[in-house]
Amino acid sequence: MNNRIEAFGTIAAQAARGDLRFPTSVNAVLRLQQALNDPDCHLEDAIRLVLGEPQLAARTVALANTSAFGAGREITNVRAAVTRIGYRNLQMLVASLAVRQFGSRIQDPALRAKAAQLWEHTAQVAALAQVFARRITHVNPDTAMFAGIVHEIGGFFLLSCADEYPGLLDEDPEKWAELCEDVVTRELARTLALPEPVAEAIFELRNSWLHMPPATLVDTLLLANLYAATPSPLGAAPPPLPAHSESAVDYLVDEDSLRSILDEAAGISAAMGQAQLV
């Protein structure tokens, strides 16, 4: 127990100093993100950068062909895909690549399985947030999807440290992991240059309640977490969903509309390559 508390203290202190250690692959993605964020980075530059990352290129084309970006001619190349999804969604995909790369240095099979489950949960939340934003909460759907991608960034980082600190993420009744994760999340938000509304939403998420009617980015993330088919492997398991007629969501949409939302989100999360680890 003392070793775990000491480990959490070490990680939290590194975060507070802005001294978190990232896998080499994460640093490479961060450099890509910085290049895309440069105001002088034009469309042709962005296309070249995407083509330099095969995983990013594949996901950009896949996302452009989902229902979230309209029906029509199938996209088969990066140029058309970037044009269709837009710059904000390209930056979201780069952030998702950074999030997933935290799993690249995990060696322990059980931890890798947790990282795979956490990514699957994250992809589902991001997709659901995008659809709930368009159809229920009416916040910006691109912002909602981006927030869904990064809402577990602190958990991914702690998983990437757990090989070095055995037992770090064992049962935690005193919630030391949550306290450490909150500190780490704030530093990662700074490192990833998250937009302030996104950063504030993920900071508030743990202690927030769903408002009726839901109308904020936090509400959107809460709804998305509620309906994600794959739970996060970190923390306590969520209680089972009540029957639709007994749920507060029945106040917002009928059962057929909810099924339509879940089906649309499933297609988007599949395009994001749900559970693959790099």
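Just so it is clear, none of the values below were taken in a lab; they were calculated from the coordinates. Since the model is a prediction, treat every value here as computed from it, not as a measurement. Note: ideal-geometry Cβ built from the backbone for every residue, glycine included; neighbour counts use all protein chains shown.
Descriptive notes on the structure:
- The Glu44 and Asn3 beta-carbon pair, evaluated with R₀ = 41 Å, returns a calculated FRET efficiency of approximately 0.20.
- With at most 14 neighbouring Cβ atoms within 10 Å, loop GluC sites (Glu not before Pro) (DSSP) excluded, longest segment of the chain: 175-278
- Site pair Asp108 and Asn27 shows an inter-label distance of 2.5 nm when each label is modelled 7 Å from Cα along Cα→Cβ.
- For the chain, the mean residue ellipticity at 222 nm estimated from helices alone is -19500 deg cm²/dmol, where every DSSP H run of n ≥ 4 contributes -39500 (n - 2.57) and the total is divided by all residues, rounded to the nearest 500.
- Here the Debye sum runs over all C-alpha atoms of the chain as equal scatterers in vacuum, and log10 of I(q)/I(0) at q = 0.10, 0.12, 0.13, 0.15 Å⁻¹ comes out as -0.51, -0.74, -0.87, -1.15.
- The Rg/Rh ratio of region 1-87, with Rg taken over Cα atoms and Rh as the Kirkwood radius over Cα pairs, comes to 1.20.
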